[in-house]
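Nothing in this text is a laboratory measurement; each read-out follows from the coordinates by a stated rule. Since this is a predicted model, take the numbers as computed values, not measurements. We place every Cβ from the backbone using ideal geometry, glycine too, and count neighbours over all the protein chains shown.
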Amino acid sequence: MPIREYAVDGDQGFIGLNSRDNPVNLGKNFVSKSVNFRMDRGVATLRKGVNRLTTGALVGESIYGNCTYTQSNGSELIIMAVADGLYTYNPDTGGVSSKYLFPGAVSGATYTSADGITVVVTKAAHGLITGNQFHINTSATPYGGNFTITAYTTNTFTYVLPTAVTPGSGTATYNATNIIWSTDEVDMYQAQGIGYVYVCRGFNKTVLRWDGASTISIPGVSSHNNYPNSRHAIYFNNRHLVQTDGNTFQVSHYLSDATWSALDMFSVNDGANDRLIAITPWQLNEFVIFMRNSIFYASVGVGANALGDAVTEPNSYVKSLATDIGCIARGSIVQAGGGIIFLSDNGVYIANPGGVGAGAGNTPEGMRLLTAAEPLSATISDVIQRINYNYVDKCIAAYWENRYYLAVPLDSSTTNNSILVYNFVNKAWESVDTYVAGFDIQGLSVAKKGNRRRLFSIDREQGVHLLEELDYDEYGTATGTPFLPLAVPPATEGVGFTLGDVTACLLSPASYTPNQILGELITRGFTFNTNRDKRFSSAQADVYAPGGGVLYTQILTTNPDVASTAMRYGSASDEDATIRIPVRKTGYSAQVRFTTTNSRPSVRSVTLEAIIPGHMTQTRK
């Protein structure tokens, strides 16, 4: 009788995720599922967690847009727009500025109190959402305070007075011209050569300009050359490129935001079943125009990049790049890896100017491969199909440390609750990151912290968070002792207090509930290169367990389909280990599933052993 030797199959490392294809058809070192993992040098390690950074006045305000601002000394700030002004956050100091109010937002507004007295509002912080609290200062002290909005229209809202003030309700009126509404399309950017931050608020509202100090104004000097109303703009080659309607963008004069010539206006595919989504820099003097269903590229002309440039340039142009693909989310567009990455109806694509021949990057032919090749997201197309396309316009992205981070609303979520991560070093998708319920990834920003570029996430209501930092995710209400305001006792012991009361009055730093990151890693299906049944005898994994780390292991077999928990492994201290797991299952293929419930374990390799019997003549299910 022949001796049946054990066959061995496995992976000596992990480089990427392919969740689309049948697990038994995946290449070596690919996994079929990766949730909250990073794959560096072949080691799959649970991602680092979120560090919450902001407290105080910013928390609870609705943030509608953000950008990074570089100061004259080279340090960087994160700028955030709320309903009636701007906040700045300094990553180096951890400080949030006082609010810079938009001009004329509430000055001179009045409201009538429940007892019929008209009061002038001197300052207000508006949430302008039913049920929100807002605070106002008034010319008559007893009528100011915190109010609850019960309803609102364009220029008025109904409120309920707090019990500390005269009970009742009334209607407040205010100047809504320079307020950001939740329905406004907000875009923000810095014009480096001029040093301003611009806040676009939609086609029906003026653009606001912050000078980097304390003044917010409306750029432009007269009605014919004001900065155009816009929902989207960029600063490229020292000129502003501003979208003025669904098919048109306008270009400013060189180093100016107050000089706009009528001839420096480009209409793209006007009248077609299409609309302009975004503009982004390309190469040389060209920039790309992303439409909903097509892509164009354009140039304002070589001579336009000089002071005193002509009204229009004879060598300016708009040319078609692709007619069968477009962009569906402005925030998904990122320049990375030598090209432009964006989200389309068919998934994530990368547009690379290199093309397929010498000099091809300077012609449309250099991009023909864009429409012929499969999307960059082909291997995770099942995840792309889970995006809630009713809210796909909220998707945003960033490029940081050789990774493309794309925040998306998955399944029924109406906000960005997950991040898809592509690793340019491994040239593969790496993970589908998930976060604690309620975490809204409204913005992503890359800014310097300690002279190192870091990735920050902006939560709509909870402010700035630093990604890839902790061993857990910080999110939720801040805790600290005591809560302010507090009554400080007299300074003499024995007169109304004891030494124990002094301890109760000491302030402790704000902290947040640590939410453990739940990771899941499922290997490819191991078949030992044969479709015969196998008797899987054991599995082995090389792992690293930090102190307190917990790693669960399951074996998933196919035909028959069985999932069996094989081992729970943990360590009280940092430890390298080779865990050996008895399997004792029969099947066509087997996968190993790792899940984490505490700290950040790593998996370096996995191996399965099996006995492959002779020829089978019986059908198995």
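So here's what we get for this one:
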| item | result |
| --- | --- |
| All aspartates and glutamates inside 16 Å of LYS449 as judged from Cα atoms, apart from same-chain residues fewer than 8 positions distant | GLU76, ASP92, GLU401, GLU468, GLU469 |
| Computed E for ALA563/ILE218 - FRET, C-beta separation, R0 60 angstrom, nearest 0.05 | 0.45 |
| Net charge, PHE439 excluded, C-beta distance under 11 Å - Lys, Arg +1, Asp, Glu -1 | -4 |
| Per-pair calculated FRET efficiency, R0 = 45 Å: PHE203 and THR578 via Cβ, rounded to 0.05 | 0.10 |
| For MET188, MET265, order by how many other beta-carbon atoms lie within 10 Å, fewest first | MET265, MET188 |
| Eligible aspartates and glutamates near LYS28 by straight Cα distance, threshold 18 Å, same-chain separation 8 or greater | ASP9, ASP11, ASP40, GLU430, ASP542, GLU609 |
| Sites ALA258 and LYS427, calculated FRET efficiency, Cβ-Cβ separation with R0 60 Å, nearest 0.05 | 0.85 |
| Packing rank of 576-588, 26-38, where each peptide gets the mean count of other beta carbons within 10 Å, highest leading | 26-38, 576-588 |
| Length added when fully stretched, ASN25-LYS448, from 0.36 nm per residue minus Cα-Cα | 148.0 nm |
| Estimated distance in nm for a label pair at ALA151 and GLN540, the labels positioned 7 Å out from Cα along Cα-to-Cβ | 7.3 |
| Ascending count of other beta-carbon atoms within 10 Å, so fewest first, for ARG52, ARG275, ARG453 | ARG453, ARG275, ARG52 |
| Residue-span extension gain [ASP345 to ASN226] - 0.36 nm each, minus C-alpha spacing | 39.3 nm |
| Net charge over other residues, Cβ less than 15 angstrom from the Cβ of SER75 (K, R count +1; D, E count -1) | +3 |
| Computed lengthening from ALA272 to TYR317, 0.36 nm per intervening residue step minus Cα-Cα distance | 14.3 nm |
| Nitroxide proxy distance, nm - points 7 Å out along Cα→Cβ at ASP382 and ASP324 | 2.7 |
| THR70 paired with MET265, simple spin-label distance in nm, labels 7 Å along Cα-to-beta-carbon | 3.3 |
| Contact order relative to length of the stretch 1-102, as percent, for alpha carbon pairs under 8 angstrom and 6 or more apart | 15 |
| Under-5 Å amide H pairs with GLY65, H placed in peptide plane, nonlocal only | ALA81 |
| Filter on LYS48/LYS534; LYS99/LYS319; LYS99/LYS427; LYS394/LYS448 - keep pairs with C-alpha separation over 32 Å | LYS48/LYS534; LYS99/LYS319; LYS99/LYS427 |
